[in-house]
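The values are calculated or read from the model by the stated rules, or taken from the named source; none is laboratory data. Because the structure is a prediction, the values reported are computed rather than measured. Cβ coordinates were reconstructed from backbone atoms using ideal geometry, including for glycine residues, and neighbour counts include every protein chain displayed. Remember, those area values only see protein heavy atoms, side chains included, never the ligands or the DNA or RNA. Shrake-Rupley method; radii C 1.70, N 1.55, O 1.52, S 1.80 Å.
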Amino acid sequence: MSKSEILTHILLADDLILIAESSKELQTLLDNVFEYCKRWHLLVNLTKTKVMIINGSKKESYKFYYSGVLLEIIHKYKYLGVVVSDTGNHFSDQIDYVEAVANRAVYSVQGYLYSLNQMPPPISMKLFDSLVAPILEYGSEIWSLCNSYNSLETLYLRFMKSSLGVRPQTTTVAVMGELGRYPLSIRLQVKAVKFWCKLVSKPSKSLPGLAYKMLLDLKESGFATWIDKIYDILCVCELENVFYSEYFSTSDIYRITSLVRTSLQHQYVDKWKDEIQTKPKLRTYKLFKTTFFIEPYLYLSNPCQI
């Protein structure tokens, strides 16, 4: 964003975010909001009005007021379902939040499955995809490229083992191969690339377009940014040439995301085949399991009886 373009606030429905580069600027913005609300007889919910200082020092020494009321300075805030923190990694608390919410959804699904007695694993996974995966993936286009989310992969794997009725110690590659399931990371990377394609295609003067230009400027200046991760994904999929495109049609986005998904899946299957061959515990399993796909017997109503 150029020096002539200053972003001071973001509005969405009845939510307002004020953005300032200094404490003086923020207090001025707060005063302006107070005068506006006073003029138009609007009320601000001060219990939900917080201040977060990002990358600042001596945060406790700052004081901000709205209509004479001292505002609380916090270290994290949930906005539109995403937890943003004031630490260097601004989405560090998002993983814990997503895991907690997803765990509740998993317990609910498993309780439902238990009440129906032994359900085929494909049905269990369909319920996971419909009721749990959307929680895991919400907002992941941004935070998944900035954090390690091994705990979410563990939650995903634990559900798969439960659906198969196997022990928690069961080898991961055998579980993935039996169900024909890919890691959560592949889904999140594909979503991130799809979001990037849409962001690139936004008008240059729109807020998303200006934000993307700012990211490009930071990247060119040597700063690590979100789009560095996108570039890495494209390179792994041998699609680095599309990184420099300035617009994608709907068909382009579908084609690119399909190529990324296919490439990442093929790479995982190659890795899966190597692990199957090298795991001592799977010396018998590898004799009859050579193809990565869901086993037909799992569609039976009670495969555990076979």
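Screening the candidates ILE73, ILE95, ILE123 for the property of being open to solvent by less than 80 Å² (accessible area, probe 1.4 Å) and not in a helix (DSSP H, G or I) yields one hit, ILE73.
Residue-level analysis places ARG187 among those that are open to solvent by 50 Å² or more (accessible area, probe 1.4 Å), among the charged types (D, E, K, R) and within 30 Å of GLY165 (Cα to Cα). Scanning region 220-253 for residues that are under 17 Å from ASN89 (Cα atoms), without any contact (Cβ under 8 Å) to a residue 24 or more places away in the chain and surrounded by 12 or more Cβ atoms within 10 Å (Cβ to Cβ) yields THR225, ASP228.
The set of residues in region 196-219 that are under 18 Å from GLU240 (Cβ atoms) and surrounded by fewer than 16 Cβ atoms within 10 Å (Cβ to Cβ) comprises LEU216, LYS219. Of the residues examined, ILE142 is not one that is open to solvent by less than 30 Å² (accessible area, probe 1.4 Å) and either of a type in the set (Val, Ile, Thr) or in a helix (DSSP H, G or I) (or both). Hand me the list of strands (runs of 3 or more DSSP E) wholly inside region 7-64 holding 1 or more residues that are over 21 Å from ALA211 (Cα atoms) and open to solvent by less than 100 Å² (accessible area, probe 1.4 Å). Of the strands (runs of 3 or more DSSP E) lying wholly inside region 7-64, those with at least 1 residues that are over 21 Å from ALA211 (Cα atoms) and open to solvent by less than 100 Å² (accessible area, probe 1.4 Å) span 50-52.
Among residues of region 98-115 being open to solvent by 80 Å² or more (accessible area, probe 1.4 Å) and without any contact (Cβ under 8 Å) to a residue 12 or more places away in the chain, the one that is farthest from LEU164 (Cα to Cα) is ARG104.
Residue-level check: of (1) at pLDDT 95 or above; (2) under 22 Å from the mean Cα position of the chain (by Cα), GLU141 misses just (1). Checking each residue of region 93-109 against the condition of being farther than 30 Å from TYR297 by Cβ and at pLDDT below 90 gives at least one match.
Looking for something open to solvent by 70 Å² or more (accessible area, probe 1.4 Å), within 24 Å of LYS194 (Cβ to Cβ) and of a type outside the set (Phe, Trp, Tyr) - is there at least one such residue anywhere in region 274-292?
No.
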